[in-house]
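The values are calculated or read from the model by the stated rules, or taken from the named source; none is laboratory data. Computed from a prediction, not measured in an experiment: that's the story for all the values here. Cβ placement follows ideal geometry from the backbone for every residue including glycine, while neighbour counts extend to all protein chains displayed.
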Amino acid sequence: MTDKVQIEQISFWGLAKQNMRKLSMFIMLGLILAVFAILTKGVNLTPRNITNIFIQNSYILILAVGMVLVIIIGNIDLSVGSVVAFSGAISAMIYNKGIGLIPTLLLSLVIGALIGSFQAVLIAYLRIPAFITTLGGMLLFRGLTYIITNVSPISLRDDGFKQIASGSLNIKGFTIGNYDGLSIVVMAVAIIALVVYNYFQRRRKIRNGFSLIPLRYTILKIGALSALIILVFLRFAAYRGIPTVGLVLFIVTAIFVFITNNTVIGRYIYAVGGNAKSAKLSGINSEQVVFITHVIMGVLCGLSGVVFTAYMNSALPQAGNQFEMDAIASCYIGGAAASGGIGTTIGAITGGLVMGVINNGMSLMNIGADWQYVVKASILLLAVFYDIWSRRKSGLG
Amino acid sequence: MGSNDYILEVNNITKDFPGVRALDNVDFKVRRGEIHCLVGENGAGKSTLVNVISGVFPRGDYEGVVVFKGKETHYRSTKDSESDGLSIIHQELTLSPYLSIYENIFLGNMKTRFGVIDWDACLRDSYPLLKRVGLSEPPQTIVSKMSVGKQQLVEIARAISRNAELLIFDEPTSSLNDEESENLLKLLLEFKREGITCIMISHKLDEVLAVADSITILRDGLSVASYDTRAEEVSKQQIIKAMVGRELKNLFPEKDPKIGEVVFEVKNWSVNHPDYHDMKIVDNASFFLKRGEIVSFCGPMGAGRTELMMSIFGNSYGYGATGEIYLHNEKVTFKSPKDAIEKGVGYVSEDRKSLGLILIQDVKTNITNSSLPKLSKRGVLDKEKIRESAEFYKESLQIKTPSLEQLARNLSGGNQQKVVLSRALLADPDIFIVDEPTRGIDVGAKFEIYSILNEMVKQGKSVIVVSSELTEAISMSDRIYVMNEGKIKGVLNRDEATQEGIMHMALVD
Ligand SMILES: Nc1ncnc2c1ncn2[C@@H]1O[C@H](COP(=O)(O)OP(=O)(O)OP(=O)(O)O)[C@@H](O)[C@H]1O
Ligand SMILES: [Mg+2]
């Protein structure tokens, strides 16, 4: 139908420059990994440690995925740590009743959703500022957690729960060489999927007569992503296989990347965050969008609560302390704007990993929490400074 | 279809705001397929009326009935009116700043397949819409990076994407230059040919007379007159009289310039695009300004006039500005807007909403907040003086507000513009740069603003006006610089400037 395919004339550096803001987070993560690899003489890149980084940060990353939506819409949620503790405690209590893992998980998500809705009503419809509502929520749910747990840990009846956090996915006896077979298979499928997706995307663009970036850059992109997939999965394969939380995280991330990019509600979140009044005049029910965003945050708190309880193998009354700070910092490191309207799921995840890698690396080096705070603070400020500077340069506010 | 086939009938609408009755028993009828213009002074209630019609104010927020296509409306929001075939393009741009053109077009009305956004369809369908409104930007462009004029076209594209039968334009041409306004009016006539009814609010009476089939005039919330231009001859004087309630002899005040020595000079000024660092936006511009002079900068949209002024004003725009600035024959550099202000240069932006006003503060604060040092003693604010100065400008520019404590966001568009101007005037700069000072301002208040600029130059100050209205530039200024594509193409004296001459100079060479 269309006579000619338009190939954009763009040099490698031109393309890199255009995407610099997007790429800078990954570069930062890579650099930090490299620095710690040198400092720890490679210990931080061992299969066991890579797996641990995912497990130890999974609950923060899950929160960051929700938090970034809240930040995009121009709000903040300070209550997430307390809600994690509360829903974690409840999940332990219902699991101990013996109803099984999946029902426990589902019930915890429902409880998260209810808590989220409660705060969301106050924020979206009664117009109490999110900062204040969730500050209240932070105190309220911490208090309720203390009340239901009697301020003492609840231990779990068996080791089933623990599997969510520290278990791994593998098929007994299925190995390829010294590697776990399932990891290798998933790795291969992922790479093939990546290639196929890009192929169809290019074909679709050609069919619609949209302009294309030159093929070599698409190949370069696929190559870089494949290398990343191979690196991570070989680490998993050499240790115990794909960690279960890895799968949970992957599913959560995939769902929210999809929601934010391809669903109406996702785009409305950006529209309301960018300019609430104009969103309203475009016929968007902005209260409803704010409401849904905070409910989503609640659901993810429920999930995070389950994962954290599983990770600790018991529900602690002081669980989730300061998780909100880590989640918020992850979003900002990942390029979200404090004024709303800007931010991505992948950014939040990358930001969370940056913090996780720093924590992990410094622990490996036996550096205490004191210096970890100082380093994390510097990274946060540096990342946000870079972000604001580059945004100003490109006229985005 | 007879000529009395009304697509829209508005009966006995009354709308109150705290302290103001914005609409008082207004009747308003629009025939199917016509272009109906709505005129009136700033704050007359025009925007309020169309907001009532389009459901920005939901049913129940006002008294009276709106009948669209023979049915009484019960809109709860603009979403309802849009799906009913009625779209409004607001006075203040309402695009979502960090989203792309095509996402903005379909915002609130995304194309989906099984609840999933079909980005390809959105992109594909945006091309013909953009073509129809004459916008050549790639649809992926983020709108906050585009000029106000282009954003306006995106809004229009958005409105026509909803298959509207009635389009309402609230001052669509106020942010466009002459050429673009003309294109927009052509677009309106095109819509009319396609059978779409249009309501247009405008302060530019020439364009109203050029396209209107009917004209309704509002004054202080009352509908005072209605003309059918096909049945009777209507003159500009007639409209003005009905608008302001008195005869207005001249549209421009008398000028009696006393021009002195050169006080401000810019030499070889160049500045690059903030994103694309190798793209020149202003190219080697040189100009000067004498004491007591009003100098205008004219040229098509995208000529680089705003960018030139903003980059001079403490590097508020662009990348890698080079060139020299001389103030009273001394070479200076303006490190920041603050630095420029301290050296006696004032600047009023064309984009009042995002750069000019603090919407959640009141009128008094907005007028006085850049002159607070002057209005205080040893760091303590002199409340009395603040009140007096604000009151002075409220009176002299006829800012229509129930009180000085009214929040800026509750003012009508034109009155917000007056507040921004007041603030700059109060700061009392020696060199005053105003970008589109009369955008969206009614004829009466325009006269006041011109008089104030004249008064300033009489006191030995100098004014640079960036204006897209050629008649205004020709009548007001002593010299006119013509710009296009980042270059200064030439300069014309007051007595040799004509509209054709300016256009010619901009486009030739
Ligand atoms: N939200 C509001 N709260 C209080 N007063 C308001 C509000 N909106 C409008 N008004 C007042 O209602 C009156 C009519 O305003 P409106 O915006 O309809 O004027 P307009 O005719 O569109 O003027 P302009 O030409 O300046 O745009 C004004 O006096 C204005 O101050
Ligand atoms: Mg108005």
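Some notes on this structure:
- Here no strands (runs of 3 or more DSSP E) wholly within segment B:318-436 include at least 2 residues being touching a residue at least 12 places away in the same chain (Cβ under 8 Å), of a type outside the set (K, R) and within 16 Å of ligand 1 (Cβ to nearest atom).
- Taken over segment A:76-116, the criterion of being surrounded by 24 or more Cβ atoms within 10 Å (Cβ to Cβ), under 18 Å from A:V295 (Cα atoms) and not β-branched (V, I, T) is satisfied by A:D77, A:S79, A:G81, A:S82, A:A85, A:F86, A:S87, A:G88, A:S108, A:G112, A:G116.
- Just one of the listed residues (B:I386, B:I325) is over 30 Å from B:Q398 (Cα atoms) and either assigned by TED's automatic domain parsing to the domain that holds B:V419 or touching a strand residue (DSSP E or B) at 6+ places or on another chain (Cβ under 7 Å) (or both), and it is B:I325.
Every residue, every condition in (1) polar (S, T, N, Q); (2) in contact with a Leu (Cβ under 7 Å, 6 or more places away or on another chain); (3) farther than 25 Å from A:G335 by Cβ, yes or no:
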position	(1), (2), (3)
A:L23	no, no, no
A:I32	no, no, no
A:A37	no, yes, no
A:N52	yes, no, yes
A:V65	no, yes, no
A:S82	yes, no, yes
A:Y95	no, yes, yes
A:G98	no, no, yes
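- Residue in segment B:400-457 that is farthest from the other protein chains (Cβ to nearest Cβ), counting only those that are within 16 Å of ligand 2 (Cβ to nearest atom) and small (G, A, S): B:G444
- Complete set of residues in segment B:443-458 that are basic (K, R) and farther than 16 Å from B:T471 by Cβ: B:K458
- Here B:V154 does not qualify as within 21 Å of B:R439 (Cβ to Cβ) and within 16 Å of ligand 2 (Cβ to nearest atom).
- The single residue among A:G246, A:G266 that is within 10 Å of another protein chain (Cβ to nearest Cβ) and either modelled with pLDDT of 90 or more or under 30 Å from A:F308 (Cα atoms) (or both) turns out to be A:G266.
- Pair list, Cβ < 8 Å and 6+ apart or interchain, from segment A:319-341 residues that are away from every other protein chain (no Cβ under 14 Å) to residues that are surrounded by fewer than 24 Cβ atoms within 10 Å (Cβ to Cβ) and outside any helix (DSSP H, G or I): A:E324/A:L78; A:I328/A:I76; A:Y332/A:A338; A:G334/A:T344
- All of (1) surrounded by fewer than 18 Cβ atoms within 10 Å (Cβ to Cβ); (2) at the interface with another protein chain (Cβ under 8 Å from one of its Cβ atoms) hold for B:L123 with one exception: (1).
- The single residue among B:I168, B:I117, B:I156, B:I160 that is buried (at least 17 other Cβ atoms within 10 Å of the Cβ), out of contact with any His (no Cβ under 6 Å at 6 or more places or on another chain) and farther than 22 Å from A:V264 by Cα turns out to be B:I168.
- Residues of segment B:86-120 that are of a type in the set (S, T, N, Q), within 10 Å of chain A (Cβ to nearest Cβ) and closer than 24 Å to A:K205 by Cα: B:N104, B:N109, B:T112.
- Residue selected from segment A:249-263 under the condition of a type in the set (S, T, Y) and within 14 Å of another protein chain (Cβ to nearest Cβ), by the criterion surrounded by the fewest Cβ atoms within 10 Å (Cβ to Cβ): A:T263
- Of the set (1) over 22 Å from A:G66 (Cα atoms); (2) of a type in the set (A, V, I, L, M); (3) in contact (Cβ under 8 Å) with a residue 12 or more places away in the chain, all apply to A:A369 but (3).
- Summed over segment A:73-124, the residues that are modelled with pLDDT of 95 or more and among the aromatic types (F, W, Y) give a count of 2.
- Of everything listed in (1) more than 23 Å from B:A164 (Cβ to Cβ); (2) in a strand (DSSP E or B), the single unmet condition for B:I7 is (1).
- Residue count for segment B:72-116, restricted to those that are within 16 Å of ligand 1 (Cβ to nearest atom), part of a strand (DSSP E or B) and polar (S, T, N, Q): 0
- Of all the criteria given as (1) within 16 Å of ligand 1 (Cβ to nearest atom); (2) over 16 Å from the mean Cα position of the chain (by Cα), the one not satisfied by B:A445 is (2).
- Among (1) modelled with pLDDT of 90 or more; (2) acidic (D, E); (3) touching an Asp or Glu at 6+ places or on another chain (Cβ under 9 Å) - the single one B:E330 does not satisfy: (3)
- Test: A:M28 is at pLDDT 90 or above and not acidic (D, E): no
- Residue within segment B:35-51 that is among the small types (G, A, S), surrounded by fewer than 23 Cβ atoms within 10 Å (Cβ to Cβ) and at positive phi present: no
- Selection from segment A:272-298 of residues that are in contact (Cβ under 8 Å) with a residue 40 or more places away in the chain and at the interface with another protein chain (Cβ under 7 Å from one of its Cβ atoms): A:G274, A:N275
- Put simply, of B:S202, B:S181 the only residue that is more than 14 Å from chain A (Cβ to nearest Cβ), more than 16 Å from ligand 2 (Cβ to nearest atom) and polar (S, T, N, Q) is B:S181.
Residue-by-condition table, conditions (1) buried (at least 20 other Cβ atoms within 10 Å of the Cβ); (2) in the same structural domain as B:I452 (by TED's automatic domain parsing); (3) over 19 Å from B:E137 (Cα atoms); (4) modelled with pLDDT under 90:
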site	(1), (2), (3), (4)
B:E265	no, yes, yes, no
B:N284	no, yes, yes, no
B:V295	yes, yes, yes, no
B:G299	yes, yes, yes, yes
